[in-house]
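Reading through the structure tokens given below for one structure.
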Amino acid sequence: MPTDKEVKKAFKQTASKNPDQYYATSVLKEEGFKRKQCACKIFYWTACDAPTCGDPACSGGFRFFGGKTPAKRELDYPGVWTAFASHFKNLGYTPIKRYPVVARWRNDTDFVQASIYDFQPYVVSGEVKPPANPLVVPQFCLRFNDIDNVGITGAHYTGFVMIGQHAFMPPEQWNQAKYFRDIHSWLSKGLGLPNKEITFHEDAWAGGGNFGPCMEFFSRGLELGNQVYMMFEQTPHGPRELKLKVLDMGMGHERNAWFTKGAATSYETTFPTVCKKLFHATGIKVDEKVMEKFLPYASYLNVDEIEDTEKTWNFVAQKVGIETKELREKVLPLAALFSVGEHARSLLFAISDGGLPSNVGGGYNLRVILRRALSFIDKYEWNIDLSTLCVWHADYLKNIFPETSEHLATVAKVLEVEKSKYESTKQKTRQIIEKLMQSEITNTKLLELYDSQGISPELVREESAKLGKKVAVPENFYAQVAELHQHKEQEHQTHREEKIDLEGVPETKALYYQDWKHIVFQGKVVKIIGKNIVLDQTAFYPTSGGQLHDIGVIEGMQGKDEVVDIFKQGSVIVHVLKETPTCKVGEDVKGFIDFTRRKQLAQHHSATHIVGAAARIVLGEHINQASAKKTVEKAHIDLTHYDMISEEKLKEIEDKANWLIQQKVPIQLKFYPRTEAEQTFGMGIYQGGAVPGKELRIVNITGYDVQCCGGTHLLNTGDAEAIKILKANKVQDGIVRVTFVAGDAARAQQKGEQNVLEETAKLLQCKKTQVPARAQELFELWKQAVKKKKQPTSLELKATEEFLGSEKDMLVKVCEIYKTTPEHIVKTTERFLSELKETHESEKK
Ligand SMILES: [Zn+2]
Ligand SMILES: [Zn+2]
């Protein structure tokens, strides 16, 4: 099979040989456009005999600054979307709300990078209905491949809004001429551009095995957008028409405002109020004249491409007509200031949508831009606070993105914690590196420094250079880091190495979705492979969604078979028996599930959702589930949180979880079509990560927690009986694991604590309530005798003071005295007593 790149190249040739078949040429001709070919080989359409295709490289860069914009209509940033949405509403499109930029519904990407991401994979593949059809969406996107150019070139962003125009149509309803006319009407009526100021390019697009023609549109050297028509798929037998054709038009929101205003940089039109405040706070001024001359050449300073920085600066300065030093002094602080503003905006969206800076995955890039902004603030000694910047951004965006104002407290908290991490890293880096300079800094060492201390290799390189030592950083360093952290194992990904041959075995009907107490069922044997047996339907739950499998018995004519494991392979559920089965294929059998185990697992699973909900109430809306596991003994949930969870907060979460149990909140279990589920409950339902399928099973703890999940759940929070949190520990930067028990396991835990008190009371020969006082007395005696070698006059414990408070508090008190954990109290008491006795006896000899 050819690669996407090869497919694109080949199809571009096919399409340009027969443009009437692949492009909306009828509309172009109607509007007075003529087809020409540029020196760069591109076929383009112009209404004014333009001599080139209009690409900045062919036409000499951007030519709309300084009031030279040909747009008759001036639109400010929020105004672009408002005008676009109403324009397209009149043309029969439904404007929809943006999706979160954190793409929890996908397992192939951390962030949304284009508007079509919202509808991949299931809408584009035709499996799931789109939320509206056709539609338009202002989708905020994050891309981190141009970080170093942000600020400098006047047009680069890490976070931007892609306005999407989308249609998902079977071939008979596909109307390419209309889609094209609609976007052209936006350019001509929406922006007020005369046809002679617009150039269209014929191009082709290919991705993920699909391909089709596309039309890019330019004005004055600026690409405003691109309309892609996904019409074909590549198969081993050649191209084939798609059953669902997809319109994917993406247009830069920022560029529309920039272009109609004709401003020098797009940052000033994307966040004008923020720029104004930044200029005011720093005293920096834009030299419009210099910037206008500089910006057409700004792209020469693209840091990824230039080899000799100094030479390039000299060249650009010559073009602008000023000294290199002066140009640098004018451009660099301004670029830094725009970067700070731009990065704050990206962080506002990302954190509001549930993203957290960290040292792995997508969170890593958030930390990179955050630290880039902080280092500019440091370097220029500006008095700028990033969270205040976020407030200004949210205020400017409130008409089109009101949700950015909803989580400002969380955003501020996250930025504060990140800033202190940045400060402490900076401080310790120098000391650590000085120490390391004696030996060679290897790749392994770099990985270790980054992983355990959060010290980036760039920082190591910088600091080493100051000390006169060169450190080589491998190009794929962050890929290596990512590899170290492959444990983003989400609920649904339950791997099983061995595969058995299930060719021709029909899908198993699962009976465990409705009622967790459904533990006796009828079924028919459809396949036996060794000790593995498949039924037509089963209530046995296979290990999945982080929840362990059921066990039990399958009873047939010849006897009972013990079931020891259950797993799902594709859509078939396989029962693993302890011995060779006594039943035969075609036989009717009865299944019996071990109730105690099922109950405990259901309690642990529902408790996982309850603890997540409680944590969200206590810690904030940024709490999401990163992973979870439920066994019979205990369960854990990994929470996305920017800091460690304190003992007090942990106690609060436990109390809130038990409060939710006391409220006896109904837990609703229901299947929904995917799009309906997303629209009704929001994209937060993907707590367990991306889930396949047309229908989603929604587990709804009414009013507190909604997510799609396939586990065996209780029907009421009250059935979880009790939740006891055992501990919290950091498993990864930005992820805290909370381990807990529920139901019988929680009671067993409490019983264990009672036993500890009872046994300790026996050892100390006192009442339970006197244990803390006696423990204190014993500890003092032991310290005197064993540590300080002073012989006590008597070994007798006399304290009788009674403790006022719960048994739990009593244990906490004793733990404090002994400096130990509850499970070690009995042993510690025994040790103190015996050591005390030993010293006493040796003294007597
Ligand atoms: Zn050209
Ligand atoms: Zn779940």
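Here are a few things to note about the model shown:
- Residues satisfying the stated conditions in region 270-290, i.e. open to solvent by less than 10 Å² (accessible area, probe 1.4 Å) and in a helix (DSSP H, G or I): T270, V274, C275, L278
Every residue, every condition in (1) modelled with pLDDT of 90 or more; (2) over 49 Å from the mean Cα position of the chain (by Cα); (3) open to solvent by less than 30 Å² (accessible area, probe 1.4 Å); (4) hydrophobic (A, V, I, L, M, F, W, C), yes or no:
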{"residue": "A761", "(1), (2), (3), (4)": "yes, yes, yes, yes"}
{"residue": "C766", "(1), (2), (3), (4)": "yes, yes, yes, yes"}
{"residue": "V771", "(1), (2), (3), (4)": "yes, no, yes, yes"}
{"residue": "R774", "(1), (2), (3), (4)": "yes, yes, yes, no"}
{"residue": "K783", "(1), (2), (3), (4)": "no, yes, no, no"}
{"residue": "P792", "(1), (2), (3), (4)": "no, yes, yes, no"}
{"residue": "F803", "(1), (2), (3), (4)": "no, no, no, yes"}
{"residue": "D809", "(1), (2), (3), (4)": "no, no, no, no"}
{"residue": "E816", "(1), (2), (3), (4)": "no, no, no, no"}
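- Taken over region 207-218, the residue count meeting the criterion of being surrounded by fewer than 22 Cβ atoms within 10 Å (Cβ to Cβ) and within 13 Å of N256 (Cβ to Cβ) is 0.
- From K89, K72, residue being of a type in the set (D, E, K, R) and in contact with a strand residue (DSSP E or B) (Cβ under 9 Å, 6 or more places away or on another chain): K89
- Applying the condition of being in contact (Cβ under 8 Å) with a residue 40 or more places away in the chain and assigned to a loop (DSSP other than H, G, I, E, B) to region 602-628 and asking which residue is nearest to A745 (Cα to Cα) yields N624.
The rows are residues; the columns are (1) in contact (Cβ under 8 Å) with a residue 40 or more places away in the chain; (2) within 30 Å of Y99 (Cβ to Cβ); (3) open to solvent by 10 Å² or more (accessible area, probe 1.4 Å).
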{"site": "T309", "(1), (2), (3)": "no, no, yes"}
{"site": "Q318", "(1), (2), (3)": "no, no, yes"}
{"site": "T324", "(1), (2), (3)": "no, no, yes"}
{"site": "L327", "(1), (2), (3)": "no, no, no"}
{"site": "L334", "(1), (2), (3)": "yes, no, no"}
{"site": "L337", "(1), (2), (3)": "yes, no, no"}
{"site": "V340", "(1), (2), (3)": "yes, yes, no"}
{"site": "S346", "(1), (2), (3)": "yes, yes, no"}
{"site": "A350", "(1), (2), (3)": "yes, yes, no"}
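- Of all the criteria given as (1) in a loop (DSSP other than H, G, I, E, B); (2) touching a residue at least 60 places away in the same chain (Cβ under 8 Å), the one not satisfied by S439 is (2).
- Residues in region 650-673 that are crowded, with 17+ Cβ neighbours inside 10 Å and touching a helix residue (DSSP H, G or I) at 6+ places or on another chain (Cβ under 8 Å): E652, I653, E654, K656, A657, L660, I661, V665, I667, Y672.
- A745 passes every criterion in (1) of a type outside the set (V, I, T); (2) open to solvent by 30 Å² or more (accessible area, probe 1.4 Å); (3) in contact (Cβ under 8 Å) with a residue 60 or more places away in the chain apart from (2).
- Candidate set: region 100-131, residues that are over 17 Å from the mean Cα position of the chain (by Cα) and hydroxyl-bearing (S, T, Y); chosen: the one nearest to V246 (Cα to Cα): S125
- Tally, over region 672-691, of residues that are free of Cβ contacts under 8 Å to residues at least 60 places away in the same chain and not small (G, A, S): 5
- Cβ separations smaller than 9 Å between residues 6+ apart or across chains give the following pairs from region 50-72 residues that are of a type in the set (S, T, N, Q) and near ligand 1 (Cβ under 10 Å from one of its atoms) to residues that are at pLDDT below 80 and open to solvent by less than 60 Å² (accessible area, probe 1.4 Å): T52/S59; T52/G60.
- Put simply, of R106, R35 the only residue that is more than 16 Å from ligand 2 (Cβ to nearest atom) and part of a strand (DSSP E or B) is R35.
- Those strands (runs of 3 or more DSSP E) of region 670-778 in which 2 or more residues are within 16 Å of ligand 2 (Cβ to nearest atom) occupy 695-701, 705-708, 735-742.
- Residue-level analysis places A85 among those that are closer than 30 Å to L142 by Cβ, among the aliphatic types (A, V, I, L, M) and either more than 15 Å from ligand 1 (Cβ to nearest atom) or open to solvent by less than 10 Å² (accessible area, probe 1.4 Å) (or both).
- Any hit, region 791-807, residues being part of a helix (DSSP H, G or I) and in contact with a Phe, Trp or Tyr (Cβ under 7 Å, 6 or more places away or on another chain): no
- Conditions (1) more than 28 Å from P357 (Cβ to Cβ); (2) within 21 Å of the chain's Cα centre (by Cα); (3) open to solvent by less than 30 Å² (accessible area, probe 1.4 Å); number of the one not met by I623: (1)
- Among residues of region 18-44 that are more than 16 Å from ligand 1 (Cβ to nearest atom) and open to solvent by less than 50 Å² (accessible area, probe 1.4 Å), those with a beta-carbon under 9 Å from a residue that is of a type in the set (F, W, Y) and outside any strand (DSSP E or B) at least six positions away or on a different chain give the pairs Y22/F11; Y23/F180; A24/Y179; A24/F180; T25/F33; V27/F33; V27/F180; L28/F180.
- Hey, I377 open to solvent by less than 70 Å² (accessible area, probe 1.4 Å) and without any contact (Cβ under 8 Å) to a residue 60 or more places away in the chain or not: yes
- Only one of the numbered conditions (1) open to solvent by 10 Å² or more (accessible area, probe 1.4 Å); (2) in contact with a His (Cβ under 9 Å, 6 or more places away or on another chain) is not met by A728, and that is (2).
- Selection status of I653, away from ligand 1 (no atom under 16 Å from the Cβ) and either out of contact with any strand residue (DSSP E or B) (no Cβ under 7 Å at 6 or more places or on another chain) or part of a strand (DSSP E or B) (or both): no
- Residue check: G209 meets all listed conditions (1) under 29 Å from the mean Cα position of the chain (by Cα); (2) modelled with pLDDT of 95 or more but one, namely (2).
- Of the residues making up region 418-444, those that are surrounded by 15 or more Cβ atoms within 10 Å (Cβ to Cβ) and among the basic types (K, R) are K419, K421, K426.
- Residue match in region 49-63 (condition: more than 16 Å from ligand 2 (Cβ to nearest atom) and within 14 Å of A263 (Cα to Cα)): yes
- Identity of the residue in region 690-721, surrounded by fewer than 20 Cβ atoms within 10 Å (Cβ to Cβ) and small (G, A, S), that ends up modelled with the highest pLDDT: G718
The values are calculated or read from the model by the stated rules, or taken from the named source; none is laboratory data. As the structure is a computational prediction, the values presented were derived from the model and not from experiment. A quick note on method: Cβ atoms are made from the backbone with ideal geometry, for glycine too, and the neighbour counts reach across all protein chains shown. Quick note on the areas: whole protein, heavy atoms, side chains included, nothing else; ligands and nucleic acids left out. Shrake-Rupley method; radii C 1.70, N 1.55, O 1.52, S 1.80 Å.
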